[in-house]
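Peer 1: Here it is, the structure in full.
The values are calculated or read from the model by the stated rules, or taken from the named source; none is laboratory data. For clarity, every value in this text was computed on a predicted model and none was experimentally measured. Cβ placement follows ideal geometry from the backbone for every residue including glycine, while neighbour counts extend to all protein chains displayed. These accessible areas exclude ligands, DNA and RNA; they are computed on the full protein's heavy atoms, side chains included. Shrake-Rupley method; radii C 1.70, N 1.55, O 1.52, S 1.80 Å.
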There are 2 protein chains.
Amino acid sequence: MKKYGALEAGGTKMVCAIGLADGTITEQTSIPTTTPEETIEKIAAYFRDKDISALGVATFGPVDVKKDSPTYGYILNTPKLAWQNFDLLSALKEKIPVPMEIDTDVNGSCLGEMTFGCAKGLDSVIYITIGTGVGVGIAINGKLLHGMLHPEAGHSLLSKHPDDHYKGKCPFHPNCMEGLCAGPAIEERWGDKAYNLSGKKEVWEMEAYYIAQALVNFICTLSPRKIILGGGVMHQEQLFPLIRKKTKELLNGYIETAELNDIENYIVPASLHDDQGIMGAVQLAKWAENGAD
Amino acid sequence: MKKYGALEAGGTKMVCAIGLADGTITEQTSIPTTTPEETIEKIAAYFRDKDISALGVATFGPVDVKKDSPTYGYILNTPKLAWQNFDLLSALKEKIPVPMEIDTDVNGSCLGEMTFGCAKGLDSVIYITIGTGVGVGIAINGKLLHGMLHPEAGHSLLSKHPDDHYKGKCPFHPNCMEGLCAGPAIEERWGDKAYNLSGKKEVWEMEAYYIAQALVNFICTLSPRKIILGGGVMHQEQLFPLIRKKTKELLNGYIETAELNDIENYIVPASLHDDQGIMGAVQLAKWAENGAD
């Protein structure tokens, strides 16, 4: 049976795994992210002798995912200085001579859910992770969204809640989604970690107010067939009914679709137990093998 | 030489034209939009004996553009009651037996600019018309964006300007782009038609504030390679530098790309002299002939 390599490249750790065509992960390890040279060598050592047919890479960004670009496969202007302008794809290819496909970590998670999870069979899907930051992966017409760059929709601008006097956590934008919604913003605004605030109604109503605004804009712009919410903050399950209610309230009946009439199955939690990213990387490996562009 | 039929279906008029493969419009007429029966008969009479190879339809919406849907090609819940749930595509096919492709008017304009205009060769483009309403056409990976429905991004939500006490024109959303930016909103807010307000700096600074916010969200979400602004309001050319400046200010350097560094060529006016829609319909006809999906 064919084996595929999967790499979920993060700022603090590199998850390396072997997967089968049906998404089954047969083995997995985690390598700390240090210097590029040291880290790549350890990743290569892991995949050596594993007999993989191809490697899928779902990476932190920003990353150049444009195949026609001279810097295709490079990590771009990241705050992790050692990785800035690092040619990740070539470094991997030099040591692991198999077909490779690279995309963002969140596009990878979106692909995992579309291929093996709750969005199976849908061609237009958004995956949003809300944790230490906010990341958004998007698929349109069955393909992951790239353009000038890739989605950076965690930095979409939102209207401030009238009762929210918090200045926002993002150093770039006083009112972007990440700066108002991510875990560090919750902690700074309310003075405690999100998981210690589960019982505080006002925390989650404000959180839902912001998330729903972003969803309304994503719905109006992308018209996805499903919206999947993952990440640490979304482990607060009480958020889902609040987000669904506020989204409907803000849309106010303007868009009428079967999906919105069944909103419990439209705005849903991630379904792959935090394996959506690595399973998406398996699918990227399958695409690499088949030469998909 | 092959001839293609092009229909730009609007709520007040139907523009019918004959075009060549290179986008040249060889003849064109306009039919008032009355009842579906009467209007379709006149459209069919125009195209009869014109020897067209295929017909492209760029229509007002909402319209069902999902080919796998039982109501594919229907006008959906429009305020024009006679056209509500009208099976436009079948009505046309019954009288004009050629291959047809249907999309929204603004997706059509986007396609026109991508095929024959200022976005030629780009695979990821947004076309925004700001006139009596706000419409947004989107192409991703060279294909027009469909999903659950089609873009309705004119109803994206924006933050109110601190000095704007106008309640918004949209009956659904107190702070959506259309309700704050379209011609009727400008007129109601400032007490005069947009074209009589050209010299009033505060009008266009507020307008640019809203448009730029929407562009920032489209850029973060869709990462387009070009943004094209058309429609009556955008004939106020003084808006372009204001919008570009405000967009950069709001993005605040977070996204770094060659396109944003050359913003004069990134956020641009429509280039096809208001023929972008009908020329897009010609391209839809070419797609229909080739069986593109």
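Peer 1: For the range B:207-231, give me the residue count where each residue is facing chain A (nearest Cβ under 7 Å) and either within 19 Å of A:M177 (Cα to Cα) or within 15 Å of the chain's Cα centre (by Cα) (or both).
Peer 2: Looking only at that region, the number is 8.
Peer 1: Just one of A:G168, A:G191 is surrounded by fewer than 16 Cβ atoms within 10 Å (Cβ to Cβ) and more than 19 Å from the chain's Cα centre (by Cα); which is it?
Peer 2: A:G191
Peer 1: In the range B:78-101, is there at least one residue being within 14 Å of chain A (Cβ to nearest Cβ), buried (at least 24 other Cβ atoms within 10 Å of the Cβ) and not hydrophobic (A, V, I, L, M, F, W, C)?
Peer 2: No, the conditions are met nowhere in the range B:78-101.
Peer 1: Determine whether B:H173 is touching a helix residue (DSSP H, G or I) at 6+ places or on another chain (Cβ under 9 Å), within 14 Å of chain A (Cβ to nearest Cβ), more than 23 Å from A:H146 (Cα to Cα) and not hydroxyl-bearing (S, T, Y).
Peer 2: Criteria met by B:H173.
Peer 1: Additional query: Which residues, counting only those in the range A:237-271, are open to solvent by less than 20 Å² (accessible area, probe 1.4 Å) and not in a helix (DSSP H, G or I)?
Peer 2: Scanning the range A:237-271 gives A:I255, A:T257, A:Y266, A:I267, A:V268.
Peer 1: Looking at the range A:189-208, is at least one residue closer than 20 Å to B:Y254 by Cα and either charged (D, E, K, R) or in contact with a strand residue (DSSP E or B) (Cβ under 6 Å, 6 or more places away or on another chain) (or both)?
Peer 2: There is no residue in the range A:189-208 that is closer than 20 Å to B:Y254 by Cα and either charged (D, E, K, R) or in contact with a strand residue (DSSP E or B) (Cβ under 6 Å, 6 or more places away or on another chain) (or both).
Peer 1: Still on this structure, I have one more. If a residue has to be touching a Pro at 6+ places or on another chain (Cβ under 8 Å), at the interface with another protein chain (Cβ under 8 Å from one of its Cβ atoms) and either buried (at least 23 other Cβ atoms within 10 Å of the Cβ) or over 26 Å from A:H146 (Cα atoms) (or both) to count, how many in the range B:129-151 make the cut?
Peer 2: Selection size over the range B:129-151: 6.
Peer 1: Can you spot a residue in the range B:21-28 that is modelled with pLDDT of 95 or more, in contact with a helix residue (DSSP H, G or I) (Cβ under 7 Å, 6 or more places away or on another chain) and within 30 Å of A:Y254 (Cα to Cα)?
Peer 2: No, because not a single residue in the range B:21-28 is modelled with pLDDT of 95 or more, in contact with a helix residue (DSSP H, G or I) (Cβ under 7 Å, 6 or more places away or on another chain) and within 30 Å of A:Y254 (Cα to Cα).
Peer 1: Which count do you get for residues in the range B:31-77 that are in contact with a strand residue (DSSP E or B) (Cβ under 7 Å, 6 or more places away or on another chain) and either surrounded by 13 or more Cβ atoms within 10 Å (Cβ to Cβ) or among the β-branched types (V, I, T) (or both)?
Peer 2: 25
Peer 1: Being of a type in the set (D, E, K, R), assigned to a helix (DSSP H, G or I), open to solvent by less than 30 Å² (accessible area, probe 1.4 Å) and closer than 20 Å to A:N217 by Cβ is the requirement here; does B:E207 meet it?
Peer 2: Criteria met by B:E207.
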